[in-house]
Every structure is written in structure tokens, then in C-alpha cells.
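Peer 1: Quick one: structure below, then a few questions.
The values are calculated or read from the model by the stated rules, or taken from the named source; none is laboratory data. All figures in this text were calculated on a predicted structure; none of them were measured in a lab. Here the Cβ positions follow ideal geometry from the backbone for every residue, glycine too, while neighbour counts run over all protein chains shown. These accessible areas exclude ligands, DNA and RNA; they are computed on the full protein's heavy atoms, side chains included. Shrake-Rupley method; radii C 1.70, N 1.55, O 1.52, S 1.80 Å.
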Amino acid sequence: MCVCCASVVGIYSYSIILYLPLFIFPLEIYSVTSHSEPYFFRFWDVNQKFLYLKNNVLVASPRSVNTPEQLMTVLPNNALDPTKLPIFMGLGTGRPTLSCVKSGAGQLQLQLVVNIKDLYQKNEQLLKHKNFTFFSKTGQTQEACSIESIAFPGWFLSTSPEPDKPVAFSHEGGTMITLFYFDKKK
């Protein structure tokens, strides 16, 4: 079992933080107690490209002096099966939240909408809106995880091998990068 999944299995009954050199999600985000504030993470792909907002588009680029630090906001989706590690993900303070939707042409695309706290507080009411929820899945490297859309199974958050390209959704195994690391902001 990978580091990310090992750190969250059975977490609904615990409220512990598990710190590892490259840990993905701490146990505390899945505790049974409600969260007044989301957790903040640095988020990057296995090619060391960090995600940040550029002209209202989420892009991935190698970290540099000119690249602003973009923290990802994470809260559990308590309305779904906790063993599948369902999460809401947002940018910065949680405005906006990531969503996977179909465009008018039928292509999947990343949309940045609503406040993550609204989703978390209205979990049961928004259960039908699965486009805001993602599963954290075990990666091949045992330290990394992929982020799968639950609205569109088999589609994963992905980055291009080229820098400064928009974050998108793709299937695993293609040219797009679907494995990510998280580091909790202290």
C-alpha cells in the first residue's frame, strides 16, 4: 500500500497526523470531527511542476522565483464512502474549488467554481454534484497519488509534460502526467 493510501485508511475513527518525508494526506483530514478550516498543501506533479493560477487558469510549471506559491485547499467529502478517500480540492483559501465538467463539445475540462467550505458544510445536499469530488488513488511510485474524478471514473487530474500548460483531465497511461505529491503547509 502506498504512503498516501496507508496514511488515510481507517482515518474516520482517528484524529492523528502522520508525517512522512513525502506524505500525501494526513489522517486528520478524515477525522469524524468537523473541520472549521480546510487544510493547505503544496501540490506538484512527479516531474516537479507546481500548480498555480495564471490569468484565472490553473497551470503547471517548474518552481522559480517568478512562479507564485499556490496552495491547494483540501477537505474530505464526508457524504461519500471514506474508504475511497473522497476529497474536495480548492485553490488558496478554497475559492475557487476544482470541478470536472463536460464542455459543450463533450470534452472534460477543469472548472474553478464555488467555495470549498460551502461544499463541505452542505455535503449531503450536494452529494448529487459529484463533479466537485475526487478520489485520492494509490500511485505506482508508492509515494505519489493520482486524483480521479468521481463524476467521470477513469479520468484523472493531469498536467502536460510541457511547462506552463493548463491542468486538465486524462486517462492514466497516456502522455499526460497523472501522479502528484502533496506537502502540508505548516
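Peer 1: Just to confirm, what accessible area per residue do you get for segment 47-87 at 1.4 Å probe, in whole Å²?
Peer 2: 48
Peer 1: Ignoring any ligand, DNA or RNA, what whole percent of the accessible area of segment 143-186 comes from carbon and sulfur when the probe is 1.4 angstrom?
Peer 2: 55
Peer 1: Of LYS54/LYS102; LYS49/LYS165; LYS84/LYS130, which ones are farther than 18 Å apart at the Cα?
Peer 2: LYS54/LYS102
Peer 1: Ordering PHE50, PHE43 by accessible area with a probe of 1.4 Å, largest first, what comes out?
Peer 2: From most exposed to least exposed: PHE50, PHE43.
Peer 1: How far apart, in nanometres, would the label points at LEU112 and THR175 be if each is projected 7 angstrom from Cα along the Cα-to-Cβ direction?
Peer 2: If labels sit at LEU112 and THR175, their model points lie 2.5 nm apart.
Peer 1: Compare the peptides 143-152, 58-67 by average per-residue count of other Cβ atoms within 10 angstrom and give them in order, highest first.
Peer 2: With the highest mean Cβ count within 10 Å placed first, the list reads 143-152, 58-67.
Peer 1: Just check segment 68-116 against the gyration tensor rule for me: Cα atoms, a ≥ b ≥ c as the square roots of the eigenvalues, rounded for a/c under 1.5, and otherwise prolate or oblate depending on whether a/b exceeds b/c.
Peer 2: Numbers: a/c = 2.33, a/b = 1.13, b/c = 2.05.
Because a/c hits 1.5 or more and a/b fails to exceed b/c, segment 68-116 counts as oblate.
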